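Below: one structure, written as structure tokens.
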């Protein structure tokens, strides 16, 4: 057991996937468009309505009846997830390095079938992951309900911004179906769910609240990033959209996860104040190799960093402030869309 814990979202900081979107796009006709509409509705319920007892990431629940209509089963999720893993460059290097220096966890909103595939691929113990547990094999619809769900699907596609209609579909009409009880009881690990996971990790590792490093990229990471920041831990937005950038202290904009390893390396050796000093020096000095030597960056991390960025612009690593927020947001969203694609990069 180490003195500090590294906790990362999966999709964004580690992988280029949005597994639930990709499942919808693959198995449902017009499923990609449907998922994007429901994702915006999910953001609306969290960010605008602030719906009681509603968690960011509940798109993963909203889409389930449409999976059931297509007779999607657990085996389909497992096979698809195993065959469609797309990593952020050097994310496997990052997790391999981190497991030797910090307690290392993935806390993800994604379905467990996908996270198990990722943990196996990354050689991270599955017990060091938190995820949304879904048993598709237990979800059923009657023939009459299947007809209704297909009607709802078309209504949503035809009226993509009619959120009153969506309220009626999901919280009145589908709520009357027997499938709703099983869906309602699914605990999505997003937003507050991720913060609860952090509480469990802190207790499990017997560390203080200020000894965590949390990194995320989307609306589901707001609560854990806020928690890390307010408790003097490390809070990082990695190629994030506006949601994590509003609450994190540090922004990393990079095509490679080795930039994360640099910050983690300094945090392991020293403390948060040293991390912030390094970031300040990183943005004001030109001799990066001397800088890395001065901060005693481990050779494997240093060598990987300069190998990756030998012919590229160095990554953005900045402390987020009011006067640089707009510029960071612009370049962060550009990087997000460039490496993950417009469809996935545009999701909340």
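So here's what we get for this one:
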{"read-out": "Some residue of the stretch 331-346 being in a loop (DSSP other than H, G, I, E, B), at pLDDT below 95 and under 28 Å from residue 86 (Cβ atoms)", "value": "yes"}
{"read-out": "The lone exception for residue 312 - which of (1) at pLDDT 95 or above; (2) surrounded by fewer than 14 Cβ atoms within 10 Å (Cβ to Cβ) it fails", "value": "(1)"}
{"read-out": "Residue 276 being more than 19 Å from the chain's Cα centre (by Cα), under 26 Å from residue 212 (Cβ atoms) and free of Cβ contacts under 8 Å to residues at least 40 places away in the same chain", "value": "no"}
{"read-out": "Some residue of the stretch 44-51 being closer than 20 Å to residue 136 by Cα and either crowded, with 22+ Cβ neighbours inside 10 Å or in contact (Cβ under 8 Å) with a residue 40 or more places away in the chain (or both)", "value": "no"}
{"read-out": "Test: residue in the stretch 198-206 that is under 15 Å from the mean Cα position of the chain (by Cα) and in contact (Cβ under 8 Å) with a residue 12 or more places away in the chain", "value": "yes"}
{"read-out": "Of the criteria (1) farther than 20 Å from residue 220 by Cβ; (2) in contact (Cβ under 8 Å) with a residue 40 or more places away in the chain; (3) surrounded by fewer than 16 Cβ atoms within 10 Å (Cβ to Cβ), which one residue 101 fails", "value": "(3)"}
{"read-out": "Answer residue from the stretch 82-95, given it is in contact with a strand residue (DSSP E or B) (Cβ under 8 Å, 6 or more places away or on another chain) and in a helix (DSSP H, G or I) and is nearest to residue 14 (Cα to Cα) among those", "value": "91"}
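Here is a yes/no grid of residues against (1) in contact with a strand residue (DSSP E or B) (Cβ under 9 Å, 6 or more places away or on another chain); (2) surrounded by fewer than 19 Cβ atoms within 10 Å (Cβ to Cβ); (3) under 23 Å from residue 195 (Cβ atoms):
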position	(1), (2), (3)
97	no, no, no
114	yes, no, yes
122	yes, no, no
127	no, yes, yes
134	yes, no, yes
140	no, yes, no
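The values are calculated or read from the model by the stated rules, or taken from the named source; none is laboratory data. Computed from a predicted model, the values in this text were never measured in an experiment. Cβ sites come from the backbone with ideal geometry, for glycine too, and all protein chains shown count toward neighbours.
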